[in-house]
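A.B. asks: Handing you a structure now.
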Amino acid sequence: MLAGFVGDLPAPQDLARDPLAQSTKVYDRTGTEILYQFEVERRDIVKYDQVPKLLVDAAIAAEDKSFWTNPGIDIRGLGRAVIADLTNAETGQGGASTITQQLVKQRIVGGEVSLARKIREAILAIEVTRTYSKQEILELYFNQIFYGNQAYGIKAAAQTYFGKDDLGTLTLAEAALLTGLPQSPSILDPTKEENVQRAKVRRAYVLGEMEAIGVITPAQVAAAEAEPIKTIPPRITKITAPHFVFQVRNQLTTILGGDESAVTRGGFKVTTTLDLPKQEIAEGQVRTWVENLHDRNVWNAALVSLDPKSGEVLAYVGSVDYQNRDDPRVQGQFDVAGIGLRQPGSSFKMFTYLTALKKGATAATVVVDARTDFGGKADPKDFGRAGPDGKNRNCGYCPENADLQYHGPVTMRQAIRESRNVPAVRFLAQYSGIEDTIQTAHDLGITTPIDPSEVGLSLTLGAREVKLLDMTSAYGVLDNLGVRVQPTFILKVEDARGRVVWEHKDYEQRRVIEAGTAWILTDILKDTTQPSRNLIFGQWTSIGRPAALKTGTTDNLKDVYAIGFVPQLVTGVWMGNSNGDPMSSRDFSSAMGPGQLWRDYMRDALQGVPPKDWDRPANVVGVGIVAAPGAAGGYGSGLLPSPLSPFSVNEWFVRGTEPRRTDDWYTQGCPLPDGTRNVGMRIREGGQPAWQRYTDEWVTQAIAGKHTYGRYTWNLVPAAGCPSPSPSLRPGQTPFVTLPPGLTLPPGLIFPGVGTPAPSGSLRPPSSPAPSPSPPASRTPTPFDR
């Protein structure tokens with residue numbers, strides 16, 4: 001008969017072999033501030049020698065007076081249990097379980113109420129006593145037992161009820177109270193007013209038993225019973241940086257081989273990358289700016305900030321208010337930063353321009369910013385209008401610039417400065433290519449799949465959804481001059497014994513972009529944050545130090561982006577509404593919303609950090625090219641200056657990609673009545689033949705006086721014919737030319753005035769541009785960017 005009970009019994013060694021569930025604690029990067037605990041059982045393991053004698057005496061007195069001498073069972077108690085089971089008695093059925101039996105019950109055999117379970121428990125208790133010392137059994141017991149309020153083990157109980165981490169600081173009354181709780185934790189829970197009297201009775205029982213075995217005196221009993229029960233308030237689960245913490249959990253699960261149970265049971269100490277001061281700044285700025293923009297129908301925002309060199313995520317805000325579950329515009333528990341897929345608008349252009357640079361284009365490459373149907377369907381003179389359904393059936397694909405202006409021949413630098421849409425599409429079609437641009441995006445860290453057969457040329461304007469975390473990391477590659485580092489939320493993982501099981505060191509650093517190429521695009525993006533170099537965005541986004549930035553706005557104003565960086569920090573910001581409600585289309589843009597949030601966060605987060613610029617790689621050289629200087633310039637041929645070129649500026653190139661051709665766009669025009677001739681510009685862009693008629697129409701309109709926008713004076717030579725008469729000079733404007741050193745003006749030629757005169761013969765590098773002409777008083781620069 002006995003064989004039936006012992007045949008499938010587990011080995012007593014299983015008691016210690018199966019580790020106790022312990023809380024995994026998540027800390028900030030200092031390892032001192034706890035962010036959250038992952039747990040199924042809140043437990044902190046203690047060694048036997050860390051348990052005060054007071055607690056040992058209390059447990060033995062109340063639970064098992066013969067503990068030090070018994071074989072693991074109480075023979076009389078077991079006999080009562082057998083009799084009760086055989087007679088179906090309602091009392092005495094459980095009998096008196098020893099400390100060892102309680103341990104075996106909870107750890108091995110379970111809580112089934114039956115004679116068979118009781119016999120199995122007794123047999124195993126005897127075997128456990130033969131296998132382990134009494135001290136080892138007590139250590140297992142003090143770490144195993146449930147004390148209520150999610151507290152498992154004596155240390156978690158002391159923390160939960162009295163806020164004490166050091167068991168040695170427990171008073172006699174507190175030790176007795178804790179010792180009595182395992183009998184019935186729910187009805188003895190002293191944090192509930194209705195249980196306090198029962199808890200006092202149970203405490204008195206434990207004190208009485210301690211006196212009975214002689215470990216305390218009657219005077220101590222009286223003093224302890226007189227001590228009021230003072231517990232700390234019930235623990236409210238607190239989580240700091242909640243969306244960040246859940247990203248930590250995902251990464252920790254991966255580190256542990258996909259074992260999710262190990263996360264909640266393993267007792268790991270996780271030191272994360274979170275910089276609490278930066279996190280507090282980020283949360284505050286997100287909250288402030290969203291509240292400020294409610295009148296623009298902005299109700300949610302997200303922010304990611306990381307170290308571009310190490311990939312460490314320093315601040316992470318997944319929504320404006322994690323606790324706001326009710327407002328559909330917020331949906332606070334949804335992590336927009338790491339899970340949400342949102343269209344990035346023009347911030348995606350970075351991949352187009354980077355790909356173009358990789359494939360031979362330069363910062364001086366010129367395309368024509370002219371209204372274009374890239375499907376070739378629309379008449380250049382009449383693009384038609386959108387119908388009631390919002391579709392223009394006269395157009396194949398006819399992207400528009402956000403300001404509805406078309407600036408003619410512009411360099412890549414100027415196209416990026418003003419975030420012009422038509423040039424971006426031309427660069428994609430003519431230089432970058434859709435598939436190569438998608439590959440660049442993936443190389444830099446974009447994880448969402450993009451099907452080139454489905455996206456078309458709208459790819460460059462951000463027509464495919466991405467994650468803010470991915471976009472921020474991708475811009476970090478530029479910041480790191482072409483080196484990709486995978487983002488991480490974790491610095492170090494230690495197991496319950498303090499052994500390091502994973503650490504963020506010797507991580508992969510993969511070069512995906514040539515350093516000179518990355519530096520040049522970064523130099524262009526620096527213009528966005530400098531008012532002297534950018535009339536549109538600089539006034540909104542300057543942080544008083546070298547910084548690069550790109551913004552993005554979707555056509556329907558459902559998403560707005562700003563992603564920018566300094567050498568030490570890259571930060572991405574999204575704004576919008578989680579239910580897809582559009583923001584105000586009248587008085588809101590990416591620069592005004594996320595651009596200013598980015599600006600204020602970066603200023604605060606970089607307090608005390610010395611300003612720094614990017615070191616120019618040795619293979620980057622400066623060359624004078626034909627382009628109008630200043631923030632309102634950027635038009636010209638982008639070629640080497642000729643005697644007829646009216647201006648030049650310095651531009652940066654990867655050595656070997658500098659222009660070799662001398663400017664042939666500026667030519668002699670037809671003779672004037674006085675025998676002199678104007679110099680005119682004949683656009684010789686090497687675009688696709690299908691675009692030529694759109695360029696020609698732009699030239700025709702510019703000759704007729706259109707496309708000046710208060711900043712241009714065009715003197716153009718049409719493809720077939722002499723230059724048009726030069727528009728008359730504005731009051732106070734004088735003809736001028738900025739000639740490269742060594743070049744002289746041919747006799748009999750004059751140059752129409754273009755903008756504000758610059759000193760003759762000067763070459764100005766992009767970092768120190770010529771002063772740009774101020775726009776007319778009637779025109780206020782606006783930061784609208786798609």
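The values are calculated or read from the model by the stated rules, or taken from the named source; none is laboratory data. As the structure is a computational prediction, the values presented were derived from the model and not from experiment. Glycine also receives a Cβ, built like all others from the backbone with ideal geometry; neighbour counts cover every protein chain displayed. In case anyone asks, the SASA skips ligands and DNA or RNA and just uses the protein heavy atoms, side chains included. Shrake-Rupley method; radii C 1.70, N 1.55, O 1.52, S 1.80 Å.
A.B. asks: State all residues of the range 150-176 that are touching a strand residue (DSSP E or B) at 6+ places or on another chain (Cβ under 9 Å), open to solvent by 10 Å² or more (accessible area, probe 1.4 Å) and part of a helix (DSSP H, G or I); if no residue qualifies, say none.
C.D. replies: Those that are touching a strand residue (DSSP E or B) at 6+ places or on another chain (Cβ under 9 Å), open to solvent by 10 Å² or more (accessible area, probe 1.4 Å) and part of a helix (DSSP H, G or I): Q159, T160.
A.B. asks: OK, next. Go through the range 431-456 and give me each residue that's surrounded by fewer than 14 Cβ atoms within 10 Å (Cβ to Cβ), touching a residue at least 12 places away in the same chain (Cβ under 8 Å) and assigned to a loop (DSSP other than H, G, I, E, B).
C.D. replies: Scanning the range 431-456 gives T447, T448.
A.B. asks: Moving to a separate point now. Run down G580, G630, G636 and say which single residue is at positive phi and open to solvent by 20 Å² or more (accessible area, probe 1.4 Å).
C.D. replies: Selected residue: G580, the only one of G580, G630, G636 that is at positive phi and open to solvent by 20 Å² or more (accessible area, probe 1.4 Å).
A.B. asks: Please work out which residue is least open to solvent (accessible area, probe 1.4 Å), limiting yourself to the range 121-139 and to residues that are among the hydroxyl-bearing types (S, T, Y) and part of a helix (DSSP H, G or I).
C.D. replies: T129
A.B. asks: So D555 clears everything in (1) modelled with pLDDT of 95 or more; (2) open to solvent by 10 Å² or more (accessible area, probe 1.4 Å); (3) within 19 Å of E418 (Cα to Cα) except one condition, right? Which one?
C.D. replies: Of the numbered conditions (1) modelled with pLDDT of 95 or more; (2) open to solvent by 10 Å² or more (accessible area, probe 1.4 Å); (3) within 19 Å of E418 (Cα to Cα), the odd one out for D555 is (1).
A.B. asks: Does Y601 satisfy the condition of being hydroxyl-bearing (S, T, Y), open to solvent by less than 30 Å² (accessible area, probe 1.4 Å) and under 33 Å from the mean Cα position of the chain (by Cα)?
C.D. replies: It is true that Y601 is hydroxyl-bearing (S, T, Y), open to solvent by less than 30 Å² (accessible area, probe 1.4 Å) and under 33 Å from the mean Cα position of the chain (by Cα).
A.B. asks: Picking from A356, A363, A424, A402, which residue would you name as being open to solvent by less than 10 Å² (accessible area, probe 1.4 Å), closer than 29 Å to G633 by Cα and outside any helix (DSSP H, G or I)?
C.D. replies: When all the criteria are applied, what remains is A363.
Yes/no matrix, rows are residues, columns are (1) in a loop (DSSP other than H, G, I, E, B); (2) under 29 Å from A158 (Cα atoms):
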| site | (1), (2) |
| --- | --- |
| A222 | no, yes |
| I229 | yes, yes |
| T237 | yes, yes |
| H243 | no, no |
| F246 | no, yes |
| G258 | yes, no |
| S261 | no, yes |
| A302 | no, no |
| K309 | yes, no |
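A.B. asks: Quick one: would you say S319 is closer than 17 Å to L606 by Cα and surrounded by 24 or more Cβ atoms within 10 Å (Cβ to Cβ)?
C.D. replies: So S319 fails the test.
A.B. asks: Moving on to the next point. Return yes when G622 is open to solvent by 10 Å² or more (accessible area, probe 1.4 Å), within 23 Å of T362 (Cβ to Cβ) and at pLDDT 95 or above and no when it is not.
C.D. replies: yes
A.B. asks: Here's something else I'd like to know. So S642 clears everything in (1) over 28 Å from G544 (Cα atoms); (2) open to solvent by 60 Å² or more (accessible area, probe 1.4 Å) except one condition, right? Which one?
C.D. replies: The failed condition is (2).
Rundown of residues vs (1) in a helix (DSSP H, G or I); (2) in contact with a Ser or Thr (Cβ under 8 Å, 6 or more places away or on another chain); (3) farther than 15 Å from Y316 by Cα, yes/no style:
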position	(1), (2), (3)
L557	no, yes, yes
V560	no, yes, yes
N579	no, no, yes
S585	no, no, yes
M592	yes, no, yes
G595	yes, yes, yes
W598	yes, yes, no
M602	yes, yes, no
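A.B. asks: Could you tell me whether G686 is at pLDDT 75 or above, part of a loop (DSSP other than H, G, I, E, B) and within 51 Å of the chain's Cα centre (by Cα)?
C.D. replies: yes
A.B. asks: Let me ask something else. When the range 16-70 is examined, which residues are found to be open to solvent by 60 Å² or more (accessible area, probe 1.4 Å) and in a strand (DSSP E or B)?
C.D. replies: I34
A.B. asks: Can you give me the number of residues within the range 543-552 that are of a type in the set (A, V, I, L, M) and open to solvent by 10 Å² or more (accessible area, probe 1.4 Å)?
C.D. replies: Going through the range 543-552 one residue at a time, the tally reaches 1.
A.B. asks: Which condition number in (1) part of a helix (DSSP H, G or I); (2) surrounded by fewer than 24 Cβ atoms within 10 Å (Cβ to Cβ) is the one that W540 fails?
C.D. replies: Of (1) part of a helix (DSSP H, G or I); (2) surrounded by fewer than 24 Cβ atoms within 10 Å (Cβ to Cβ), only one is false for W540: (2).
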